[in-house]
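The values are calculated or read from the model by the stated rules, or taken from the named source; none is laboratory data. All values derive from a computational prediction rather than experimental measurement. Note that each Cβ is placed from the backbone with ideal geometry, even for glycine, and that neighbours are counted across all protein chains shown. Remember, those area values only see protein heavy atoms, side chains included, never the ligands or the DNA or RNA. Shrake-Rupley method; radii C 1.70, N 1.55, O 1.52, S 1.80 Å.
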Amino acid sequence: MAHYQTSFAVNGKDYWLKRYYFARAAFSVIWVAAALTVGRQSFSAAAVLLIIYPAWDAAANYVDAKRNGGLAHNRSQAINVAVSSVMTVAVVVALTMSMNWVLGVFGLWAIFSGLSQLSTAVRRWKTSGGQWAMILSGGQSAVAGTFFIAQALKPDTPSIANVAGYAGLGAFYFLVSAVWLTVSHMRQKSA
């Protein structure tokens, strides 16, 4: 605990992560709400939302990596930025084919971005709080990706609702990490 307190006092890393995790949770909650309302009623709205989701992940990881020493010092996030960027383009292409293709692309993206998130959380384990939830989130993402690919191979046509549950779980994990850091910070201040 002393190392955590010293680390926080010296560089404010946990303060940044708290804000970052709250922002990620808020974005995901808004995205899920939009997906389950306008996204289910309009293919164009669903398409835009499906493109925005991995693009946001790329941008968010880029900002977080830059804030914490740059992409060269955060290789797992650099990989995540690259994979999420490529998958954003792949979603655009898949939307011209079918929702099964889109779900398959989301599956690949969920696997790679989840493993990258897990790697980032393991790296941060000793210096930042709330990483156990990020480890669970990364692992869950990889498992969900495998499930998405299996669903995409079925003849049933998936919808944006298939992705919304995944995004909702991601929002939950980001929120848990943000709250964990908030409570830790409050305890540190009162100690």
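Below is a table of values for the structure above.
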{"item": "Crossing angle, helix 75-95 versus the chain [Cα axis fit, 0-90 degrees, rounded to tens]", "result": "20"}
{"item": "Calculated [θ] (222 nm, deg cm²/dmol) that DSSP helices of n ≥ 4 give over the chain, each run adding -39,500 (n - 2.57)", "result": "-29500 deg cm²/dmol"}
{"item": "Surface accessible to a 1.4 Å probe, per residue, for the residues of the stretch 1-133, Å²", "result": "49"}
{"item": "Length-normalised contact order of the chain in % [C-alpha pairs under 8 Å, at least 6 apart]", "result": "30"}
{"item": "Filtered trypsin sites (Lys or Arg not before Pro), the stretch 80-160: DSSP coil and at most 12 other beta carbons within 10 Å", "result": "K126"}
{"item": "Carbon and sulfur %, accessible surface of the chain computed with the full protein complex present, 1.4 Å", "result": "70"}
{"item": "Linear extension gain, K126 paired with V89, 0.36 nm per residue minus alpha-carbon span", "result": "9.8 nm"}
{"item": "Nearest-20 debye value, the chain charge dipole, Cβ charges on Lys, Arg, Asp, Glu", "result": "640"}
{"item": "Along each principal axis, Cα extent of the chain, largest first, Å", "result": "57, 32, 23"}
{"item": "Cleavage-rule hits, chymotrypsin sites (Phe, Trp or Tyr not before Pro), the stretch 90-182, DSSP coil, Cβ neighbours within 10 Å at most 14", "result": "W125"}
